[in-house]
Amino acid sequence: MRRKHAVCVAGAATRVAFGPNDAHLPPSRKIGALAGVPLCCCALSSIVGSMNTNKQNPYRANSTQGPAQQGGFVPARPAQPRHAANPYSANACGAARPSTQNAVDYSRANYGSNMGGGKHDRGGKHGGSGKRHVWTIVLIVAAIVLAVSLGVLGVIGYGYWHGTKVYDDISATSGLAKEETALADMTVNWDALREQNEDIVGWVYMPGTSIDYPIVQGENDEEYLQKDFTGSTGGLVHKGAIFLSADNAGDFSDSNSFIYGHNMNDETMFAHILAMTDQATFDASRTFYILTPTQNYRCRTYALDVVKNTETNILQPNFADEAAMRSYMTARINDSAVGAPTDVDLASVTKLFTLITCGDDYANTRAVLCGGCVEQATPANAE
């Protein structure tokens, strides 16, 4: 009996899906049409169950249609269960699929409010809120870091600007006559400079470059590394001052005077010396002046060495004799980073001035610009 009804139902399903006039449809269309039939194995289970309980077969022949219906079976509405069924039970599979909202309501009623709420409800309310709090904290920290960074950059920028202005004002105070052609006429107002700093011993000037600064001499070679001419150490930027080595005589009476200055990122102080490792730059700035209260010196560069900061054999303020001095100059030329000029007569040079600054890596190397005095004169305002 069960087998007979099962066969009839299967036949009815086929005929309902296509009908007698749909035999010409291709198999793919038939498969697609069959997919829309709301009849499945779960419905068959429902039919068998209803028969076992002596209830009316939900699939009955429609005798009122007559011959026009082609003698088929028409599915009737299945009997309703006694109690509300689980929308995902076998008895409901043959009916229309429950709506998403019904499934959500059912899940929440039976498994808790965190079930079936879609992707926004996964993890519960507190999970999403916690993530928002984390991102809020991240954004606040990033904003603080950005503000601090901008503040630091502003302080550094101001430090460079202020340091440059300090030396521009000092240059205006010096009254240096730079345009004079006679060496003796290049005078400096030493009294005005001493009012600002009693450690003043000279002035260095290289035409065509940023090198135009007072020279001081401290108790040691560390004193003016950070302290500028006015005595200020500044903030984050330390330009310091151009200073004569503490090992040298303050009146420049040594055979070789060593003058130090920082290699600043804004191309001030002695930064141009490192730039002179380029041959064209070196050739364009061959002359510099050392001016003192008692003597003025015009110097010509003859070499530029880049040495390790541990190399101290170049720091020779005096020589045993002229031969030792010539040997020293020859060694500097042989180690020069640029081609040696031929317009300096080493035999006629009796006094040396060496300008030193940091190399590219600051801590490990030094750029050493070697100059020989080719002319000296007593300034018009000599003391």
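Computed from the coordinates by the stated procedures, all read-outs in this text should not be read as laboratory data. Everything quoted here is computed from the prediction, not taken from an experiment. A quick note on method: Cβ atoms are made from the backbone with ideal geometry, for glycine too, and the neighbour counts reach across all protein chains shown.
Mean sequence separation of contacting Cα pairs (under 8 Å, at least six apart), scaled by the length of region 188-270, corresponds to a relative contact order of 24 percent. The distance between label points at T342 and I137 comes to 7.4 nm (points 7 Å beyond Cα on the Cα→Cβ vector). Overall, the anisotropy analysis places region 318-383 in the oblate class: the square-rooted eigenvalues a ≥ b ≥ c of its C-alpha gyration tensor yield a/c not less than 1.5, with a/b not exceeding b/c. For the pair D335 and D278, the difference between a 0.36 nm per residue extended length and the Cα-Cα distance amounts to 19.0 nm. Between the beta carbons of N318 and N220, assuming R0 = 25 Å, the FRET efficiency works out to 0.80 to the nearest 0.05.
Projecting the Cα atoms of Y160, W190, I170 onto the dipole axis of region 155-209, where Lys and Arg carry +1 and Asp and Glu carry -1 at the beta carbon, places Y160 farthest toward the positive end. Can you pull out the GluC sites (Glu not before Pro) in region 187-288 that DSSP calls coil and that have at most 10 other Cβ atoms within 10 Å? The qualifying sites are E198, E219. Potential lengthening of the chain between V306 and D266 amounts to 12.3 nm, from the contour at 0.36 nm per residue minus the alpha-carbon distance.
Basic side chains Lys and Arg get +1 at the Cβ, acidic Asp and Glu get -1 at the Cβ, and with that the dipole of region 171-301 about its Cα centre reaches some 340 debye.
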